[in-house]
Protein chains: 2
Amino acid sequence: MGMRRRGQELEQAILKAAQDELLESGYAGLTMERVAKRAGTNKNALYRRWPHRAALGVAAYAELAATRTVIPDTGSLRGDVLALLRAANDHWSSPLGEILRGLLSAAGDDPELLSVLHARVSGGDSGAGMWQAVLRRAGIEVTPRVATVAMGLLRNEFVTRGTPHVPDDVLVEIVDEVYLPLVTGHLSSGAGRGRSAPAASAQER
Amino acid sequence: MGMRRRGQELEQAILKAAQDELLESGYAGLTMERVAKRAGTNKNALYRRWPHRAALGVAAYAELAATRTVIPDTGSLRGDVLALLRAANDHWSSPLGEILRGLLSAAGDDPELLSVLHARVSGGDSGAGMWQAVLRRAGIEVTPRVATVAMGLLRNEFVTRGTPHVPDDVLVEIVDEVYLPLVTGHLSSGAGRGRSAPAASAQER
DNA sequence: TTCCCTTAGGTACGGTACGTACCGTACCCT
DNA sequence: AGGGTACGGTACGTACCGTACCTAAGGGAA
């Protein structure tokens, strides 16, 4: 019987199968045997390409999560910042986020895999670039450390809580009690272009 | 042959054995069979008390890490804050910290176990209480959220990096770029009792 | 076309460790 | 005594990782 797949074609089939398994059962349910069977091949083909389960999991996830967050423009700095945090919060509690949590948990000691994962995540929600972009629109120029404070605190909430979804109150708290007070202290003198950054207003939800 | 241990006595022996295994081989090396053998009993006695490996691991760790951080008093707010961060950083990269990381990784989905772990950790290094105490000495009164910002950011660094030890530069950065600017904005008018909180001085290392 | 070399596919292991089942026996309590 | 409860011993069943070994396909070079 012909139709024996090779190289790229087989590799894609395996990755597709691995992704399906991830979406169905999470990383915990991703077993080499099931992926192999689902892809219509056997474990050999997998181990020829990835040294171990975690590597396959990361590769599959990386292809799955190749989405890029768009920088929001709500008209106010507060709105933009909240939008970024909410997007990250939603992603984290989405099916994809659950997979990511499993992977982080499993690859927690392998620095190489971790860097791949964080490269993925950084592009998605925590790169300093987008934060500085949002701040610059409000006439604020800060170091990367300061710019990403809000995201860092949110990520800390993810880790601390067991629950996947952080209540919106907490996001608002981070923004109003910490982030805006911090960055508005760095307001460049003559800038602002009509934007205001109220430190603690109850408006905008 | 008498001397059959029961109840508390046996339980303590098992926990002791589990702790020894944790210290020797980390959580990854903690197997039910080895613990049982080391405690001079068998797996039954273990499973009668803890539903699975992770629960035993958490219980053993909780008893092991029953240490309380003392609130530092270096004479300046900046010194106190840095001391707290450095203590947490050291703990995280210590043998105990490595065990904790393994446990967090393994119990990552079980909210009950996670809460036990975090209760332990909170008492150890992240409780809002000690942060507010240190701030109060400098005449600063803030919400728990603001008070614990530094610790939250440090914990975020732990997660983001693969490496167990965060460079001291980063701690200094968190303190000087974020934490002190943030909290000194909350200085109560007439207080201070001789303490100063320079936002970004190069002194004190 | 023919030959060969790379790579897929099949199957069976070895190894580890979790969690369970069963059974006999020591200890405690009444 | 006698019974209940817990311990100790041992053997499984299951799951899954990673590896070894062999056969077969199919593409490219001669």
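In region B:75-103, the residue that is nearest to B:LEU180 (Cα to Cα) out of those that are at pLDDT below 90 and of a type in the set (Ser, Thr, Tyr) is B:SER93.
Just the residues that are among the hydrophobic types (A, V, I, L, M, F, W, C) and within 23 Å of the chain's Cα centre (by Cα), please, taken from region A:1-42. If the condition is that a residue be among the hydrophobic types (A, V, I, L, M, F, W, C) and within 23 Å of the chain's Cα centre (by Cα), then A:LEU15, A:ALA17, A:ALA18, A:LEU22, A:LEU23, A:ALA28, A:LEU30 are the ones that fit. Which count do you get for residues in region B:21-36 that are within 15 Å of B:GLU63 (Cβ to Cβ) and either open to solvent by 40 Å² or more (accessible area, probe 1.4 Å) or of a type in the set (Ser, Thr, Tyr) (or both)? Residues in region B:21-36 being within 15 Å of B:GLU63 (Cβ to Cβ) and either open to solvent by 40 Å² or more (accessible area, probe 1.4 Å) or of a type in the set (Ser, Thr, Tyr) (or both): 2 in total. Residues in region B:55-72 that are open to solvent by less than 20 Å² (accessible area, probe 1.4 Å) and among the small types (Gly, Ala, Ser): B:ALA55, B:GLY57, B:ALA60, B:ALA62, B:ALA65. The number of residues in region A:23-40 being within 12 Å of DNA strand D (Cβ to nearest atom) and away from every other protein chain (no Cβ under 14 Å) comes to 8. For beta carbons closer than 7 Å, sequence separation of 6+ or different chains, a first residue in region A:1-20 that is closer than 11 Å to A:ALA36 by Cα and without any contact (Cβ under 8 Å) to a residue 24 or more places away in the chain and a second that is open to solvent by 80 Å² or more (accessible area, probe 1.4 Å) and away from DNA strand D (no atom under 11 Å from the Cβ), the qualifying pairs are A:ALA17/A:ARG38. Right, A:ALA88: within 14 Å of chain B (Cβ to nearest Cβ), more than 13 Å from DNA strand D (Cβ to nearest atom) and closer than 30 Å to A:ALA138 by Cα or not? Considered against the rule, which asks whether it is within 14 Å of chain B (Cβ to nearest Cβ), more than 13 Å from DNA strand D (Cβ to nearest atom) and closer than 30 Å to A:ALA138 by Cα, A:ALA88 comes out as yes. One residue stands out among those in region B:50-62 that are away from DNA strand C (no atom under 12 Å from the Cβ) and of a type in the set (Gly, Ala, Ser): the one that is farthest from the other protein chains (Cβ to nearest Cβ), which is B:ALA60.
Considering only residues that are open to solvent by 40 Å² or more (accessible area, probe 1.4 Å) and touching a Phe, Trp or Tyr at 6+ places or on another chain (Cβ under 8 Å), look in region A:154-192 and name the one that is modelled with the highest pLDDT. Ranking the qualifying residues of region A:154-192, first place goes to A:HIS165.
Criterion applied to A:ALA13, A:ALA83, A:ALA65 was being of a type outside the set (Ser, Thr, Tyr), more than 16 Å from DNA strand C (Cβ to nearest atom) and in contact with a Ser or Thr (Cβ under 9 Å, 6 or more places away or on another chain), and the one residue passing it is A:ALA83.
I'm trying to understand the selection: among the residues of region B:37-49, which are within 13 Å of DNA strand C (Cβ to nearest atom) and surrounded by 18 or more Cβ atoms within 10 Å (Cβ to Cβ)? Once the filter is applied, which keeps residues that are within 13 Å of DNA strand C (Cβ to nearest atom) and surrounded by 18 or more Cβ atoms within 10 Å (Cβ to Cβ), region B:37-49 yields B:ALA45, B:LEU46. Only one entry of B:ALA59, B:ALA13, B:ALA28 meets the criterion of being more than 27 Å from B:ASP109 (Cα to Cα) and either touching an Asp or Glu at 6+ places or on another chain (Cβ under 9 Å) or of a type in the set (A, V, I, L, M, F, W, C) (or both), and that entry is B:ALA13. The C-beta contact set for region B:40-56 (first residue free of Cβ contacts under 8 Å to residues at least 12 places away in the same chain, second residue near DNA strand D (Cβ under 9 Å from one of its atoms) and open to solvent by 40 Å² or more (accessible area, probe 1.4 Å), distance under 7 angstrom, 6+ apart or interchain) comprises B:LYS43/B:GLU33. With the structure loaded, tell me whether A:ALA107 is out of contact with any strand residue (DSSP E or B) (no Cβ under 8 Å at 6 or more places or on another chain) and open to solvent by less than 40 Å² (accessible area, probe 1.4 Å) or whether it fails that test. Yes; evaluated as a whole, the condition is true for this residue.
B:VAL81 meets the conditions (1) open to solvent by 10 Å² or more (accessible area, probe 1.4 Å); (2) over 30 Å from A:GLU98 (Cα atoms) in every case but one. The failed one is (1).
Just for region A:144-183: of the residues that are polar (S, T, N, Q) and outside any helix (DSSP H, G or I), which one is farthest from the other protein chains (Cβ to nearest Cβ)? Restricting to residues being polar (S, T, N, Q) and outside any helix (DSSP H, G or I), the top hit is A:THR148.
Comparison of B:VAL35, B:VAL58 shows that the only residue that is farther than 15 Å from B:ALA17 by Cβ and at pLDDT 90 or above is B:VAL58.
Please list, ordered by first then second residue, the pairs with beta carbon atoms under 8 Å, 6 or more apart or interchain, first in region B:85-96 and open to solvent by less than 30 Å² (accessible area, probe 1.4 Å), second of a type in the set (Ser, Thr, Tyr) and assigned to a helix (DSSP H, G or I). Matching pairs, first to second residue: B:ALA88/B:SER126.
The values are calculated or read from the model by the stated rules, or taken from the named source; none is laboratory data. Everything quoted here is computed from the prediction, not taken from an experiment. Because the Cβ atoms are built from the backbone with ideal geometry, glycine has one as well, and the counts that use them run over all protein chains shown. Areas reflect the complete protein model, heavy atoms only, side chains present, ligands, DNA and RNA absent. Shrake-Rupley method; radii C 1.70, N 1.55, O 1.52, S 1.80 Å.
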